[in-house]
Number of protein chains: 2
Amino acid sequence: MKLEDHIRTVPHFPKQGIMFKDITTLLKHPEAFRFAIKEFRDRYKDSGITKVVGAESRGFIFGAVLAHELHCGFVPARKPGKLPAKTISQEYELEYGKDSLHIHVDAIEKGDKVLVVDDLIATGGTVKAVVEMVKKLGGEIIECAFLIELTFLKGRGKLGSLPVFSLITYDSEE
Amino acid sequence: MKLEDHIRTVPHFPKQGIMFKDITTLLKHPEAFRFAIKEFRDRYKDSGITKVVGAESRGFIFGAVLAHELHCGFVPARKPGKLPAKTISQEYELEYGKDSLHIHVDAIEKGDKVLVVDDLIATGGTVKAVVEMVKKLGGEIIECAFLIELTFLKGRGKLGSLPVFSLITYDSEE
């Protein structure tokens, strides 16, 4: 199956010049959705992963399914003000200004083997913030996994030597 | 397994008097998370469901896993400005003011058998908005399913004769 065929490119969303990669067309197609999950599961099933972390909110979709498939826990990384118990947080740069993500301090235990999952890596700011928090809590990052990687934005460069895996890559705005 | 044992109640979040039901303690516990999903799957596996709709953003967690388990499509209902293609929207009341949810018009086809999933039903405003959109697009609601129901807020009353199912119920702020 060519997963690319199930991604819809929407020109000029959310603004002029951006060719937005819409994953909802893949999600509503049962075989495509299952195929993507199977690719991830096959890759990680013997990795000893104990926690999957996904970032709000599209990261919840692939992250939760993968956690379930891998029989491990799911940890949501959330926007400020959403998580009710004690959290740590990490700021990251936006095009204009900053935002931050939070995770519960008791969500990751020292020695957890962690898979970080998101639907898409662009410049890598979000996933970098998640990685920093997981490390601070004593977790070991096994890999960062994405459905889509916009390689021309060089997001994996932000992650240093951490392994990065993606199912679909785009080399340019197309 | 007593699923309630894996829900953390956080007093006075997000404000005084609210006993917040935190599902992150269940999500990080693989057996509890899998048990909840199995309960839902067993209930719906022979229902002929073709689409699962989940509301941003905690509804994505259980909604996406259930869609995967039931071999059907997942449809995210999202906050304004998030979905890139043509949408319909539905307003709903908040304690102060209004908000709205959107779904892509091509996400539901006439005749789709739809399960609406969220982590929690309180006053029912969110799920009512989702139900209205699904009906407008010609989908048939099979049931609305929740991990948690705050029965004292009478949310299911907003859904008329639609079937509602929940795995955990709370009869009072406790």
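The values are calculated or read from the model by the stated rules, or taken from the named source; none is laboratory data. Note that the coordinates shown come from a computational prediction; the quantities given were computed from them, not determined experimentally. Cβ sites come from the backbone with ideal geometry, for glycine too, and all protein chains shown count toward neighbours. These accessible areas exclude ligands, DNA and RNA; they are computed on the full protein's heavy atoms, side chains included. Shrake-Rupley method; radii C 1.70, N 1.55, O 1.52, S 1.80 Å.
Is the range B:85-105 home to any residue that is crowded, with 24+ Cβ neighbours inside 10 Å, within 19 Å of A:Arg34 (Cα to Cα) and within 12 Å of another protein chain (Cβ to nearest Cβ)? There is no residue in the range B:85-105 that is crowded, with 24+ Cβ neighbours inside 10 Å, within 19 Å of A:Arg34 (Cα to Cα) and within 12 Å of another protein chain (Cβ to nearest Cβ).
Okay, residues lined up against (1) open to solvent by 30 Å² or more (accessible area, probe 1.4 Å); (2) in contact with a helix residue (DSSP H, G or I) (Cβ under 8 Å, 6 or more places away or on another chain):
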| site | (1), (2) |
| --- | --- |
| B:Ile108 | no, yes |
| B:Leu115 | no, yes |
| B:Asp118 | no, yes |
| B:Thr123 | yes, yes |
| B:Val131 | no, yes |
| B:Val134 | no, no |
| B:Cys144 | no, yes |
| B:Phe152 | yes, no |
| B:Lys158 | yes, yes |
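Being surrounded by fewer than 17 Cβ atoms within 10 Å (Cβ to Cβ), among the basic types (Lys, Arg) and facing chain B (nearest Cβ under 10 Å) is a description that does not apply to A:Lys15. Among the residues of the range B:39-77, those identified as more than 10 Å from every other protein chain (Cβ to nearest Cβ) and either more than 21 Å from A:Leu27 (Cα to Cα) or over 11 Å from the mean Cα position of the chain (by Cα) (or both) are B:Glu39, B:Phe40, B:Arg41, B:Asp42, B:Arg43, B:Tyr44, B:Lys45, B:Asp46, B:Ser47, B:Gly48, B:Ile49.
Counting only strands (runs of 3 or more DSSP E) wholly contained in the range B:46-130, the ones carrying 1 or more residues that are without any contact (Cβ under 8 Å) to a residue 60 or more places away in the chain occupy B:73-77, B:87-93, B:98-104, B:113-121.
Screening the range B:25-38 for residues that are open to solvent by less than 20 Å² (accessible area, probe 1.4 Å) and free of Cβ contacts under 8 Å to residues at least 60 places away in the same chain and picking the one that is nearest to A:His29 (Cα to Cα) gives B:Ile37.
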